Amino acid sequence: MKVLGTKHGIEITKPWNPAMYEHNDKVADKMKAAIKEALDKAFKESHNEDLEFIAKSVGGYGYGPMYESEAIYADACNNLDMVQNYWLNDWCWDELVEAELVQDFDEKFVGYDKK
């Protein structure tokens, strides 16, 4: 096992060790809770542009004009339940932070650096 360093108090190894998986799952849970809160807010306040943006960020695809907001919301919630950590890390989270739909936090995933 190759040791690459330490981040957030976690020893970073290749291949990944159990502590890395556990840490990343906790970070993902925190991200998913923030995204769900943003989804709920957009849906309840009928901010359809935000709803569609969040849904596309989580799922990777958009919705045509024939989709009702209820269907978009339900699909986005389902996709959020199934989203993989790498998708949150590589695509979804930073995009939602930049759009100011979720608030960033210091603790991040570990092990995704290309070393």
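The values are calculated or read from the model by the stated rules, or taken from the named source; none is laboratory data. Computed from a prediction, not measured in an experiment: that's the story for all the values here. All Cβ positions, even for glycine, are placed from backbone atoms using ideal geometry, and neighbour counts span all protein chains on display.
Looking at the range 1-49, which of its residues are in contact with a His (Cβ under 8 Å, 6 or more places away or on another chain) and of a type in the set (V, I, T)? If the condition is that a residue be in contact with a His (Cβ under 8 Å, 6 or more places away or on another chain) and of a type in the set (V, I, T), then I10 is the only one that fits. For the range 50-64, the criterion of being modelled with pLDDT under 95 and either under 30 Å from W16 (Cα atoms) or out of contact with any helix residue (DSSP H, G or I) (no Cβ under 6 Å at 6 or more places or on another chain) (or both) is met by at least one residue. Among the residues making up the range 61-84, those that are buried (at least 17 other Cβ atoms within 10 Å of the Cβ) and in contact with a Phe, Trp or Tyr (Cβ under 7 Å, 6 or more places away or on another chain) are I72, Y73. Scanning the range 7-39 for residues that are of a type in the set (G, A, S) and at pLDDT below 95 turns up just one, G9. Remark: pairs (first residue in the range 59-73, farther than 18 Å from W87 by Cβ; second residue assigned to a loop (DSSP other than H, G, I, E, B) and of a type in the set (G, A, S); Cβ separation under 9 Å; 6+ apart in sequence or on different chains) = S69/S46. Taking the range 59-87 as the range and being in a helix (DSSP H, G or I) and among the β-branched types (V, I, T) as the test, only I72 passes. Suppose we filter the range 1-12 for residues that are touching a residue at least 12 places away in the same chain (Cβ under 8 Å) and surrounded by 12 or more Cβ atoms within 10 Å (Cβ to Cβ); how many remain? Of the residues in the range 1-12, 5 are touching a residue at least 12 places away in the same chain (Cβ under 8 Å) and surrounded by 12 or more Cβ atoms within 10 Å (Cβ to Cβ). Condition first: touching a residue at least 24 places away in the same chain (Cβ under 8 Å) and either surrounded by fewer than 19 Cβ atoms within 10 Å (Cβ to Cβ) or assigned to a helix (DSSP H, G or I) (or both). Now tell me which residues in the range 90-112 satisfy that. Answer for the range 90-112, where residues must be touching a residue at least 24 places away in the same chain (Cβ under 8 Å) and either surrounded by fewer than 19 Cβ atoms within 10 Å (Cβ to Cβ) or assigned to a helix (DSSP H, G or I) (or both): W91, C92, W93, E95, L96, A99, Q103, F105, E107, K108, Y112. Looking only at residues in the range 13-46 that are part of a helix (DSSP H, G or I) and in contact with a strand residue (DSSP E or B) (Cβ under 7 Å, 6 or more places away or on another chain), the one that is surrounded by the fewest Cβ atoms within 10 Å (Cβ to Cβ) is A19.
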